[in-house]
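For reference, the structure is listed below as structure tokens.
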Amino acid sequence: MTFQQMIRTLNDYWEKQGALLLYPYDMEKGAGTFNPHTFLRSLDRRPWKAAYVEPCRRPKDGRYGENPYRGQHYFQYQVVFKPVPENIQDLYIKSLACLGLVPEEHDIRFVMDDWESPTVGAWGLGWEVWVDGMEVTQYTYFQQVGGLEVDPVTVELTYGLERLAMYIQDVESMFDLKWNEETTYGEIYHQNEVENSFYNLQAADTALLWDTFEANEKECLRLVSEELVRPAYDFVIKNSHLFNVLEARGAISVSERTNFIGRIRKLARACAKVYREKESRGEDNA
Amino acid sequence: MRDLLLEIGVEELPADYIPGAIASLEAQFRRLFEENRITVGSSEALATPRRLVFFCQGVAEKEEDRTEKVMGPPRNICIKEGKVTMAYEKFLEKNNLTESDIFWEETEKGAYLAAHRFVPGRMTRQIITEAWPGILGAVEFPKKMRWDDSGLLFARPVRWLLAFWGEETLPLKAGGVTAGQETFLLRNSPKKRARVSSPATYLEVVEKSGLILSRERRRKVILEGLQAVLEKNGASSFHSESLVEEVVDLVEAPFVLTGEIAKHYLALPPEVISAAMSQHQRYFSFYREGKVLPLFAFVANGSFVHPGKVIRGNERVLKARLDDAMFYWKEDTSRGVERLFDLLDTVTWMEGLGSLSEKAARLESLTAFLFDGDETARTGARMSKIDIVSEMIKDGKEFTKLQGSIAKYYLLEDGREEEVACIAEEHYWPRVWGDPLPRPRAAAVGLADRADNIIGAFLKGFIPTGTKDPYALRRQANSMIALILGYEKGEVHLDKGFDLESVQELFIKTARLYGAEVLPPKEEPELLRQVNDFFEDRFRAQLRALGIPYDIVDAVCDTPEKNLKVKYRKALAFKALSGRDEFRDVAATFRRVNNIVKKAREELRVEDFGLPRDDLFVEKETKAMSREWVNVKEEIQRAGDDYDRIFNAILNFKTFVDPFFDTVLVMDKDASLRNNRLALLQDISALFGGIVNFDHIVVT
């Protein structure tokens, strides 16, 4: 099964379960959770079922394209359901079966892994899902997002697509994955890994990034005060990514780290609060 | 009589939640039965990651019937002018009684209307049904969650419920789930669900499906599986026992499988290989003569007819982890130890308190003080932190726990002296009382390191309070005490401890190494006072933990003595002496001496009454006491640390002090007589106070 077939298979499967098939958000981000389809939509009371691929960036994980398992850019497949169907675990296991990972032949396990993102003031309880000892999915019941209790609870399933594909295609390096029958993952993304690793770890202009961080923060707070939640939230995403680059670049000391995370969290909380308020006033119906 | 069976089916519980959860579930049911006088046979609390089960045999249909005495109004209210009153009739009516049920109960306040009322036992079915929501809500978990709109908080979502009262299903709920007749079996078995109709059919179906409800039985299966691997491969041990405990609660049906690793990974230190296997993957490694074997065992959930895919998958994951480790190892060793040492300069130790290389320099200087300038110890101290900046340890990976051991391997690989390498590993020992103790040089570095951690944290204001101790300074202090007192098999063994005259002096030296910019001299006394108070608290807590009564602890600690070993010896001696009949009397007498001196100092505003003069003693009792005092002083000097002998001297001296107190009034009108008596008492108080502070001894 090629990489693109895998995505199609998951799309087909979750479409049958009633999910909207959506698209990635057009900004750099560390995880599919940052996409407003998850972050903002988990804050309101309306039902929500969505599935989408999300390209993610973790600047610190850049290895110049030399590590077969790790990259600063990779893909997640994200599924969010609210309220949570009673048989969600079963639905998830069946999605693996569609990819050929049937429970009769593979040891599928749910190993406790409570999730927390201090940057956006969110936490949830759940698992990392193992297939034959390999972590392939993060499975989380959100409890708080943007510092607010969520009700109803949203469940988030985050598949690590490269990992899954490497296992399914039985290849030793993510760059050897078949995107389709002719083209490999490496042919599309290897040079991207090399150049962005240089950027993240060596070339990024930290002074410029600091200035941008400060400017973004101001803009975000201004927009929050005008209750323009979605544009304000974009600046939360931007600053979270800038922070990740600055950290990869070694420009943030251990003690500063907590401080910066706190600053981003403050923005995320402010957005969440306004989103919730507008929704309760009936002014935000997406 | 019926059997009761409850099964709460959940999405996988965290392994370490399970033992506490089933214990609290069972305890609640036992309490319910006891409080309601419901007789029961044996009960069992069982669990797998997907279910909590409570099974109780022979539960009575209803609680026992009983009669209960009910009291009514007093006789004069019930009968007026020879006739029964409204109050009387209301009592009968309310309690559904007839004339023949009632009697007069004589009490201290006179006769009262009373009756024995028959209370039929309620049905057990009803009692359980009513108690259930409370029981479910009170199952103990470290953390609970919400998942639907039912409002139930539980460790993980509840997905099914069985509640068999014999063959009947009780109308119980758990969140959005109502008790039914379907249970879930292993996910990899052909039959994933099964209908059951009673406790017996449930147990039979479960047993047949291969899933094992009993934790003990799962542990046995795992241990037998590991033993078989051990024997088959000629191994002598496996790593680790504590992992077995965790894995027991990670699977419903343990199935031990083995995989292989390529031989070239064996170039890695065995600790690294074991950590790669156990830390994240929960695999078992095997050892023969201290060498790790190129294989691992893991415990799959449920049996597989063709486990080949499962094994290959697990081998792949482990290979990736070992590749990572191999990469770190090569990166680090190719750079060499000096390069790592240089990197210490680039890493902040604590914000505002300089880099790790500055810390290493402080450790070297303190170790030189603690270990007579010994070159090996100093080098060990200087190199003790090099692995913190290594690829293997930094950024919190699965190998981070090996900090210290990794430094040892890198130093050995670099051709350094073995003792130097071992210092890097052992200076973190012991983490808790009872762990192996380091060799003396490493102990010196360990004391220096912890003293520096404590001073550094206090400088930054991270002073432990209540439950807050972010830098685990209490543990650091406890380790210092363990290093100094020494132990063998958990019992104090002073010969095994490190000789340090004064921890306070070590703290002073440490604080001064930060320089006046970080610690201005005028702030030094306050900082040291805080540190010493903190350390003193830990030491007293440790003595109490070692079984020394708290008043003896305070009495021996509230003296000028600084040496912890001496304090411990004294504490032990006075604990024994406190068992003697005369001990509390002796304490009372010399407490009185202390009090008189203290009070006189305050009232007369005199700091020091000077030396006593023989010619100013008049009474024979005073003269006798003063003459004897010279002997006592000599005797105590000769006794050294023979506290029995010292105590006997004090006890003997009491026979001179008592008559003095009986006959002489210390606070004489004549100032010179008075002050001379006080001078003598002051001398006594000071000398004894240097040994033990009787003020703290509980006298009554």
*Of the residues that sit in segment B:234-253 and are under 27 Å from B:K208 (Cβ atoms) and in a helix (DSSP H, G or I), which one is farthest from the other protein chains (Cβ to nearest Cβ)?*
B:V244
*Residues being outside any helix (DSSP H, G or I) and without any contact (Cβ under 8 Å) to a residue 40 or more places away in the chain - total across segment A:91-117*: 15
*What is the number of the single condition among (1) closer than 22 Å to B:I463 by Cα; (2) under 27 Å from the mean Cα position of the chain (by Cα) that B:L485 does not meet?*
(1)
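Listed here are the residues, each with its yes/no results for (1) at pLDDT 95 or above; (2) in the same structural domain as B:G313 (by TED's automatic domain parsing); (3) in contact with a strand residue (DSSP E or B) (Cβ under 8 Å, 6 or more places away or on another chain).
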position	(1), (2), (3)
B:L186	yes, no, yes
B:Q227	yes, yes, no
B:E231	yes, yes, no
B:A262	yes, yes, yes
*Do we find that B:V256 is assigned to a helix (DSSP H, G or I) and more than 31 Å from the chain's Cα centre (by Cα) in this structure?*
no
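Does B:E105 satisfy the criteria of being more than 14 Å from chain A (Cβ to nearest Cβ) and more than 24 Å from B:A47 (Cβ to Cβ)?
Working: more than 14 Å from chain A (Cβ to nearest Cβ): yes; more than 24 Å from B:A47 (Cβ to Cβ): yes.
When the stated conditions are applied, B:E105 passes them.
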*Name every residue in segment B:560-591 that is polar (S, T, N, Q), modelled with pLDDT under 95 and within 25 Å of B:V492 (Cβ to Cβ), in order of residue number.*
B:S578
*Yes/no for B:V389 being in contact with a helix residue (DSSP H, G or I) (Cβ under 7 Å, 6 or more places away or on another chain) and away from chain A (no Cβ under 14 Å)*: no
*Restricting segment B:642-700 to residues that are closer than 19 Å to B:D615 by Cα and acidic (D, E), which is surrounded by the most Cβ atoms within 10 Å (Cβ to Cβ)?*
B:D683
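Residues that are surrounded by 19 or more Cβ atoms within 10 Å (Cβ to Cβ) and either small (G, A, S) or in contact with a His (Cβ under 7 Å, 6 or more places away or on another chain) (or both): find the helices (runs of 4 or more DSSP H) completely inside segment A:185-286 holding 2 or more of those. Quick ask: steps written out before the conclusion?
On the way: elements: A:185-198, A:206-225, A:229-248, A:254-280.
Output list reads A:185-198, A:229-248, A:254-280.
Looking at this structure, is B:L295 at pLDDT 95 or above, closer than 19 Å to A:D132 by Cβ and more than 14 Å from every other protein chain (Cβ to nearest Cβ)? If you could, list the steps in order and put the result at the bottom.
On the way: at pLDDT 95 or above: yes; closer than 19 Å to A:D132 by Cβ: yes; more than 14 Å from every other protein chain (Cβ to nearest Cβ): yes.
Yes, satisfied.
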*asked:* Looking at B:P549, B:P520, can you tell me which residue is farther than 16 Å from B:G689 by Cα, free of Cβ contacts under 8 Å to residues at least 60 places away in the same chain and in contact with a Lys or Arg (Cβ under 8 Å, 6 or more places away or on another chain)?
replied: B:P549
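Residues checked against (1) surrounded by 15 or more Cβ atoms within 10 Å (Cβ to Cβ); (2) touching a Cys at 6+ places or on another chain (Cβ under 7 Å); (3) at pLDDT 95 or above:
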position: B:P438; (1), (2), (3): yes, no, yes
position: B:L447; (1), (2), (3): yes, no, yes
position: B:R450; (1), (2), (3): yes, no, yes
position: B:I454; (1), (2), (3): yes, no, yes
position: B:P464; (1), (2), (3): yes, no, no
position: B:A472; (1), (2), (3): no, no, no
position: B:L483; (1), (2), (3): yes, no, yes
position: B:G490; (1), (2), (3): no, no, no
position: B:L500; (1), (2), (3): yes, no, yes
_Counted residues, segment B:311-367 - those being within 13 Å of chain A (Cβ to nearest Cβ), on the phi > 0 side of the Ramachandran plot and surrounded by fewer than 17 Cβ atoms within 10 Å (Cβ to Cβ)_ = 1
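Is it the case, given these coordinates, that A:F39 is touching a residue at least 60 places away in the same chain (Cβ under 8 Å), aromatic (F, W, Y) and within 14 Å of another protein chain (Cβ to nearest Cβ)?
Numbers: touching a residue at least 60 places away in the same chain (Cβ under 8 Å): yes; aromatic (F, W, Y): yes; within 14 Å of another protein chain (Cβ to nearest Cβ): no.
When the stated conditions are applied, A:F39 does not pass them.
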_For segment B:233-284, give me the residue count where each residue is surrounded by fewer than 20 Cβ atoms within 10 Å (Cβ to Cβ), touching a residue at least 40 places away in the same chain (Cβ under 8 Å), touching a Pro at 6+ places or on another chain (Cβ under 9 Å) and among the charged types (D, E, K, R)._
1
*Test each condition in (1) surrounded by fewer than 22 Cβ atoms within 10 Å (Cβ to Cβ); (2) within 14 Å of chain A (Cβ to nearest Cβ); (3) not in a helix (DSSP H, G or I) for B:A300 and report the one that comes out false.*
(1)
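Can you tell me which residue among B:A448, B:A442 is touching an Asp or Glu at 6+ places or on another chain (Cβ under 6 Å) and touching a residue at least 60 places away in the same chain (Cβ under 8 Å)?
On the way: B:A448 fails: touching an Asp or Glu at 6+ places or on another chain (Cβ under 6 Å).
Selected residue: B:A442, the only one of B:A448, B:A442 that is touching an Asp or Glu at 6+ places or on another chain (Cβ under 6 Å) and touching a residue at least 60 places away in the same chain (Cβ under 8 Å).
So that you can scan it fast, the table gives a plain yes or no per residue for (1) within 14 Å of chain B (Cβ to nearest Cβ); (2) of a type in the set (V, I, T); (3) surrounded by 21 or more Cβ atoms within 10 Å (Cβ to Cβ); (4) under 30 Å from A:L201 (Cα atoms):
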| residue | (1), (2), (3), (4) |
| --- | --- |
| A:W14 | no, no, yes, no |
| A:V53 | no, yes, no, yes |
| A:P68 | yes, no, no, yes |
| A:F81 | yes, no, yes, no |
| A:N87 | yes, no, no, no |
| A:K94 | yes, no, no, no |
| A:V102 | yes, yes, no, no |
| A:V111 | yes, yes, no, no |
| A:V120 | no, yes, yes, yes |
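In segment A:122-140, how many residues are small (G, A, S), touching a strand residue (DSSP E or B) at 6+ places or on another chain (Cβ under 6 Å) and either at the interface with chain B (Cβ under 9 Å from one of its Cβ atoms) or over 16 Å from A:I261 (Cβ atoms) (or both)? Spell out how you get there, then give the answer.
Of all residues in segment A:122-140, those small (G, A, S) come to A:122, A:124, A:126, A:133.
Filter once more, keeping what is touching a strand residue (DSSP E or B) at 6+ places or on another chain (Cβ under 6 Å): A:122, A:124, A:126.
From the residues that got through so far, the ones that are either at the interface with chain B (Cβ under 9 Å from one of its Cβ atoms) or over 16 Å from A:I261 (Cβ atoms) (or both) too are A:124, A:126.
Residues that pass the stated criteria total 2.
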*Using the structure shown, decide if A:R70 is without any contact (Cβ under 8 Å) to a residue 24 or more places away in the chain and closer than 24 Å to A:P118 by Cβ.*
yes
*Enumerate the strands (runs of 3 or more DSSP E) found wholly within segment B:1-95, keeping only those where 3 or more residues are of a type outside the set (D, E), closer than 27 Å to B:K173 by Cβ and out of contact with any Pro (no Cβ under 6 Å at 6 or more places or on another chain).*
B:2-10, B:43-48, B:51-59
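Being assigned to a helix (DSSP H, G or I) and basic (K, R) is true for just one of B:K408, B:K397. Which residue is that?
Details: B:K397 fails: assigned to a helix (DSSP H, G or I).
The unique qualifying residue is B:K408.
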_Residues (in a strand (DSSP E or B), surrounded by 24 or more Cβ atoms within 10 Å (Cβ to Cβ) and more than 10 Å from chain B (Cβ to nearest Cβ)) located in segment A:141-155_ = A:V145
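The values are calculated or read from the model by the stated rules, or taken from the named source; none is laboratory data. Quick caveat: nothing in here was measured; it's all calculated off a predicted structure. Glycine gets a Cβ as well: all are built from the backbone with ideal geometry, and neighbour counts include every protein chain shown.
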